[in-house]
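Taking it in order: structure first as C-alpha cells, then the write-up.
The values are calculated or read from the model by the stated rules, or taken from the named source; none is laboratory data. Remember, it's a predicted structure, so these values are computed and weren't measured experimentally. Backbone-built Cβ (ideal geometry, glycine too); neighbour counts: all protein chains shown. For accessibility, only protein heavy atoms count, side chains too; no ligands or nucleic acids. Shrake-Rupley method; radii C 1.70, N 1.55, O 1.52, S 1.80 Å.
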Amino acid sequence: MTELERLQASCLFEVARCGDLKKLDILKNAILGKNGKIAEYVKELKNLNSEAKRKFGSEINSFKSKITEELNSKKQELKTKELEGKLLSEFVDVSLPPRPDHPGRIHPLTKVEEEISNILSSYGFSFADGPDIENEYFNFTAMNMPDHHPARAMHDTFYIQQLADNNGRKLLRTHTSPVQIRTMLSNKPPLRFFSIGRVYRSDYDATHTPMFSQIEGIIVEKNIGFSHLKWILSDFLRRFFEAKNLKIRFRSSFFPFTEPSAEVDINYEIQDGKIVFGIGEKWLEVCGCGVIHPNVLNYGDVDVTKYQGIAFGFGLERLTSLKYGIPDLRGYFEPDERWISTFGFPFSTK
Ligand code: PHE
C-alpha cells in the first residue's frame with residue numbers, strides 16, 4: 001500500500017464515522033482545504049520528473065474525486081438525520097384522546113352530514129368534491145350563466161381580482177354546483193353523486209353567514225326525469241326528518257342551470273313552542289331542484305341525445321337547524337363552548 005493509498009483509507013474511515021455536520025466541515029477542510037492533506041501532496045509534485053508527475057497527479061485527482069463523493073453523500077445523510085430529529089422533537093400528537101372529564105361534542109353539521117351521506121348512499125350516490133377557490137367559468141359560465149347574466153349579481157360573490165386566467169377571475173365558490181361540471185368532465189355517464197361543502201356569499205345577519213354549506217345531488221343517466229326527482233326528494237325528506245307522513249310540495253321556480261326548476265316545501269306545525277314536521281298546513285322551503293339544463297350537460301361534455309340529468313341542492317345549516325331546533329345561524333361558526341355544549345351531540349350516539 002502506498003502512502004497515498006493509506007491516507008485515502010484513513011480519510012474515508014474518518015468521513016464514514018463522522019456523526020455531525022460541523023465536524024464534517026472541519027474534516028473536509030483538513031483533507032481538501034488550502035493547507036489540507038491533499039495540498040501537502042500537491043506541493044511534492046514539483047520535485048518529480050514529468051512521467052512520475054503525471055502518474056502521481058492522476059492518483060491525487062482520483063483520491064480527490066473519491067473523497068469529495070463520500071463527503072457529499074455523508075453530508076446528505078447527516079442533513080436528513082438532522083431534519084428527522086427536528087421533526088421528531090417538534091412533533092405534536094393531535095390525535096390525543098379527549099380528557100375523560102371533558103369528552104367534547106360532535107358538531108351538529110358533522111352529525112347531519114353523516115345522516116345525509118347515509119341516506120344518499122342508500123340510493124347509490126357516491127361522494128364528489130371540488131375546490132373552494134373556483135373560477136368564473138366553473139362557478140357561473142358552465143352553469144349556464146354567461147358574462148353579464150343577471151343571476152351572477154344575485155350571488156354577492158367574493159372575487160379574488162388579482163388571480164385571473166383563461167377561466168376568468170378566481171372567486172370563492174358561491175354554490176356547490178361547479179362540482180357538477182368538474183365531475184361530468186372527469187367521469188363518463190351514467191353518474192350518480194353528491195357533494196357537501198362550504199360556499200361563500202357576502203351576506204351577514206341572523207339567517208345569513210358569509211360562509212355556509214350546501215349539499216348537492218346529481219344524477220346523469222338515460223331516461224331520467226322530473227318524476228325520479230320527485231320520488232327521491234320525497235323519500236329523502238321523509239327519512240331525514242323522520243316523518244313518514246311528511247307532505248312535500250314542488251313549487252315552480254327558476255334556476256339558470258335547471259329547466260324545469262322547482263323549490264320544495266315541507267309541511268309543519270308549531271306544538272308547545274316546537275316545530276313538528278308532517279302535520280299541519282304551514283309550509284317551509286327546504287330545497288332547490290330541477291332537470292339539468294342541456295347547456296350545462298354540454299359544458300360537462302355529456303351527450304345530450306343519450307343522457308338527461310336531475311339535480312337538487314340544500315343548505316346544510318338550514319336542514320340542521322330545522323331538524324334540531326338551532327335558532328341562530330351564526331353560532332355554527334363561532335368557537336363558543338356554550339353553543340357546542342348545548343347543540344352538539346355526545347360521541348356515543350355516533
Ligand atoms: N345552486 C343552487 C343555489 O345555490 C341550488 C340548486 C342546486 C338548485 C341544484 C337546483 C339544483 O342556489
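Name the residue, out of 281, 317, 334, that is of a type outside the set (A, V, I, L, M), in contact with a strand residue (DSSP E or B) (Cβ under 9 Å, 6 or more places away or on another chain) and without any contact (Cβ under 8 Å) to a residue 60 or more places away in the chain.
Selected residue: 281, the only one of 281, 317, 334 that is of a type outside the set (A, V, I, L, M), in contact with a strand residue (DSSP E or B) (Cβ under 9 Å, 6 or more places away or on another chain) and without any contact (Cβ under 8 Å) to a residue 60 or more places away in the chain.
Please count how many residues of the range 224-271 are more than 16 Å from the ligand (Cβ to nearest atom) and under 14 Å from residue 292 (Cβ atoms).
0
Which one is farthest from residue 58 (Cα to Cα), of the residues in the range 1-18 that are in contact (Cβ under 8 Å) with a residue 40 or more places away in the chain and surrounded by 11 or more Cβ atoms within 10 Å (Cβ to Cβ)?
Taking the candidates together, the pick is 18.
Could you list, in sequence order, all residues of the range 176-197 that are part of a strand (DSSP E or B), more than 12 Å from the ligand (Cβ to nearest atom) and under 21 Å from the mean Cα position of the chain (by Cα)?
Correct list: 192, 193, 196.
Taking the range 178-197, which residues are open to solvent by 60 Å² or more (accessible area, probe 1.4 Å) and not charged (D, E, K, R)?
Within the range 178-197, 185, 186, 187, 190 qualify.
Could you check the range 57-94 and list, in sequence order, the residues that are modelled with pLDDT under 85 and open to solvent by less than 90 Å² (accessible area, probe 1.4 Å)?
If the condition is that a residue be modelled with pLDDT under 85 and open to solvent by less than 90 Å² (accessible area, probe 1.4 Å), then 93 is the only one that fits.
Looking at 263, 221, 259, which one is within 28 Å of the chain's Cα centre (by Cα) and charged (D, E, K, R)?
221
Report yes if residue 147 is within 13 Å of the ligand (Cβ to nearest atom), assigned to a loop (DSSP other than H, G, I, E, B) and open to solvent by 20 Å² or more (accessible area, probe 1.4 Å), otherwise no.
No.
Select from the range 132-144 the residues that are more than 26 Å from residue 259 (Cβ to Cβ) and more than 16 Å from the ligand (Cβ to nearest atom) and list them in ascending order.
If the condition is that a residue be more than 26 Å from residue 259 (Cβ to Cβ) and more than 16 Å from the ligand (Cβ to nearest atom), then 133 is the only one that fits.
Would the range 305-328 turn up any residue that is over 20 Å from residue 261 (Cα atoms), modelled with pLDDT of 95 or more and assigned to a loop (DSSP other than H, G, I, E, B)?
Yes, the conditions are met somewhere in the range 305-328.
Among what's in the range 272-304 and is assigned to a loop (DSSP other than H, G, I, E, B) and open to solvent by 70 Å² or more (accessible area, probe 1.4 Å), pick the residue that is farthest from the ligand (Cβ to nearest atom).
Looking at residues that are assigned to a loop (DSSP other than H, G, I, E, B) and open to solvent by 70 Å² or more (accessible area, probe 1.4 Å), I get 272.
Restricting attention to the range 198-216, does a residue exist that is away from the ligand (no atom under 16 Å from the Cβ), touching a strand residue (DSSP E or B) at 6+ places or on another chain (Cβ under 9 Å), open to solvent by 50 Å² or more (accessible area, probe 1.4 Å) and assigned to a loop (DSSP other than H, G, I, E, B)?
No, that holds for no residue.
Which of the numbered conditions does residue 80 fail, given that it passes all the others? Conditions: (1) out of contact with any helix residue (DSSP H, G or I) (no Cβ under 6 Å at 6 or more places or on another chain); (2) of a type outside the set (D, E, K, R); (3) in the same structural domain as residue 330 (by TED's automatic domain parsing).
Failed condition: (3).
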